[in-house]
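Participant: Sending over a structure as structure tokens; questions will come in a sec.
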């Protein structure tokens, strides 16, 4: 599967009823069996519960990991048992846009700690998840690709916080400075679309 295919799955997580979690919560995912194997796609921010999780941007000490974004870890924790049960120790690719990308990273962290690393993580414009880089080495052996479309501001927040890998730039900025207008899933999909002759 291509990055474009994974972006389409991240978009589907916004429109399909969740297989895990409640539609009115910040904790939702779809489970898909693809040509590349099992994929869990986490839904991004689109309701008040999501915004509450996003803006609960305070460090929380998580045993064995270090400090993580409290709101996002809480959103992950609410569905972690169901997600891990759906995975059942099988190889899995984790996907998500925005909050969904951050949830995919939280899932990867917990999977690595439990000794069952995911096959890959594809994150599209996730916010930063930790005030410190301590969790980076924990995920060093996991294939993680994180994208930033144009000058999207979301992956740059919270300021001075960290993601486990550098962002891959894609797309054309709508404005010459960080902005929320480049944070649209449709723009990510267009930027990753296969080139046709």
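Participant: For the stretch 33-54, name all the residues that are under 16 Å from the mean Cα position of the chain (by Cα) and either modelled with pLDDT under 95 or under 27 Å from residue 159 (Cα atoms) (or both).
Facilitator: Residues satisfying the conditions are 41, 42, 43, 44, 45, 46, 50, 51, 53, 54.
Participant: Here are some conditions: (1) touching a residue at least 60 places away in the same chain (Cβ under 8 Å); (2) surrounded by fewer than 18 Cβ atoms within 10 Å (Cβ to Cβ); (3) part of a strand (DSSP E or B). Residue 4 meets all but one. Which one does it not meet?
Facilitator: For residue 4, the failing item is (3).
Participant: Looking only at residues in the stretch 174-188 that are in a loop (DSSP other than H, G, I, E, B) and exposed (fewer than 15 other Cβ atoms within 10 Å of the Cβ), which one is nearest to the chain's Cα centre (by Cα)?
Facilitator: 180
Participant: Can you tell me how many residues within the stretch 22-44 are in contact with a strand residue (DSSP E or B) (Cβ under 9 Å, 6 or more places away or on another chain) and closer than 16 Å to residue 101 by Cβ?
Facilitator: Looking only at that region, the number is 10.
Participant: Give 65, 30 a once-over and let me know the one that is surrounded by 18 or more Cβ atoms within 10 Å (Cβ to Cβ) and at pLDDT below 95.
Facilitator: 65
Participant: Among the residues of the stretch 75-90, write down those that are without any contact (Cβ under 8 Å) to a residue 40 or more places away in the chain and either in contact with a strand residue (DSSP E or B) (Cβ under 8 Å, 6 or more places away or on another chain) or on the phi > 0 side of the Ramachandran plot (or both).
Facilitator: Matches in the stretch 75-90: 88, 89.
Participant: Just one of the numbered conditions (1) crowded, with 22+ Cβ neighbours inside 10 Å; (2) without any contact (Cβ under 8 Å) to a residue 60 or more places away in the chain; (3) out of contact with any helix residue (DSSP H, G or I) (no Cβ under 8 Å at 6 or more places or on another chain) is not true of residue 70; which one?
Facilitator: Of everything listed in (1) crowded, with 22+ Cβ neighbours inside 10 Å; (2) without any contact (Cβ under 8 Å) to a residue 60 or more places away in the chain; (3) out of contact with any helix residue (DSSP H, G or I) (no Cβ under 8 Å at 6 or more places or on another chain), residue 70 misses just condition (1).
Participant: Related question: Please list, ordered by residue number, the strands (runs of 3 or more DSSP E) wholly in the stretch 101-173 having 2 or more residues that are modelled with pLDDT of 95 or more, within 17 Å of residue 67 (Cα to Cα) and under 10 Å from the mean Cα position of the chain (by Cα).
Facilitator: Here the list is empty.
Participant: Looking only at the stretch 7-26, count how many residues are in a loop (DSSP other than H, G, I, E, B) and either over 15 Å from the mean Cα position of the chain (by Cα) or farther than 20 Å from residue 183 by Cα (or both).
Facilitator: Total meeting the criteria: 8.
Participant: Going by the conditions given, is residue 80 in a helix (DSSP H, G or I) and either within 19 Å of residue 19 (Cβ to Cβ) or at pLDDT 95 or above (or both)?
Facilitator: yes
The values are calculated or read from the model by the stated rules, or taken from the named source; none is laboratory data. Just so we're clear, the structure is a prediction, and the values are computed from it rather than from any experiment. Cβ: placed from backbone, ideal geometry, glycine included. Neighbour counts: every protein chain shown.
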